[in-house]
Amino acid sequence: MPEQSGSARARTERVGIDELLERVREGLDRIGPAEAFAAASDGALLVDIRYAALRERDGLIPGALVVERNELEWRLDPQGSHRAPEATGHDLRVVVVCNEGYASSLAAASLRQLGLHRATDLIGGFQAWRAEGLPVTR
């Protein structure tokens, strides 16, 4: 039997970012700012993945865990050796917050792949939270 080439073994579908984002969001129960505020009051963990310059410019959501995007999976994996103390288990409800609600969708999908089945993201991100008049600290 002839050996298969690498391209025959690993057929990778090419998808643009807009289509990928649409697919990812189909699997998330995305929530708006008021619902995220209520979820946090009920014990959900808000996770701010915005980079430092945006946090310095716009402020922070009180009580949100700040985790740089490139560290997110390591810090939130309940089985990980570098997990944050807040990463208490796979049933934890996590609401990922980015600046406008795009990167957070991809991040929430990644957390779901780690078994955090209740992970989702904030529609409109931090900007929607602030526009809703919800608490922000400097």
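Structural remarks
- Compared with the dominant principal axis of the Cα atoms in the chain, helix 17-26 is inclined by about 70°.
- Karplus-derived 3J(HN,Hα) values for segment 126-138, using 6.51 cos²θ - 1.76 cosθ + 1.60 with θ = phi - 60°, are 4, 4, 5, 4, 5, 5, 6, x, 7, x, 9, 10, 9 Hz; glycine and proline are entered as x.
- Along each principal axis, taking the top coordinate minus the bottom one, the Cα set of the chain gives 65, 32, 27 Å in descending order.
- Based on C-alpha pairs under 8 angstrom that are at least 6 apart in sequence, segment 71-138 has a relative contact order of 30 percent.
- Dipole moment magnitude, nearest 20 debye, segment 44-104 about Cα centre, only Lys, Arg, Asp, Glu C-beta charged: 60 debye
- Carbon and sulfur %, accessible surface of segment 42-112 computed with the full protein complex present, 1.4 Å: 49 percent
- For the chain, the mean residue ellipticity at 222 nm estimated from helices alone is -10000 deg cm²/dmol, where every DSSP H run of n ≥ 4 contributes -39500 (n - 2.57) and the total is divided by all residues, rounded to the nearest 500.
- Rolling a 1.4 Å probe across the protein heavy atoms gives the chain an accessible surface of 59 Å² per residue.
- Per residue, the convex hull spanned by the Cα atoms of segment 94-138 amounts to 70 cubic angstrom.
- Full-stretch length increase - Ala38, Glu22 - with 0.36 nm per residue and alpha-carbon distance subtracted: 3.2 nm
- Charge dipole (debye, nearest 20) of segment 16-138; +1 at Cβ of Lys and Arg, -1 at Cβ of Asp and Glu: 240 debye
- Taking the C-alpha atoms only, the angle from helix 103-113 to the longest principal axis of the chain is near 60 degrees.
The values are calculated or read from the model by the stated rules, or taken from the named source; none is laboratory data. Since the model is a prediction, treat every value here as computed from it, not as a measurement. All Cβ positions, even for glycine, are placed from backbone atoms using ideal geometry, and neighbour counts span all protein chains on display. Just so you know, the surface numbers come from the protein's heavy atoms only, side chains and all, with ligands and any DNA or RNA stripped out. Shrake-Rupley method; radii C 1.70, N 1.55, O 1.52, S 1.80 Å.
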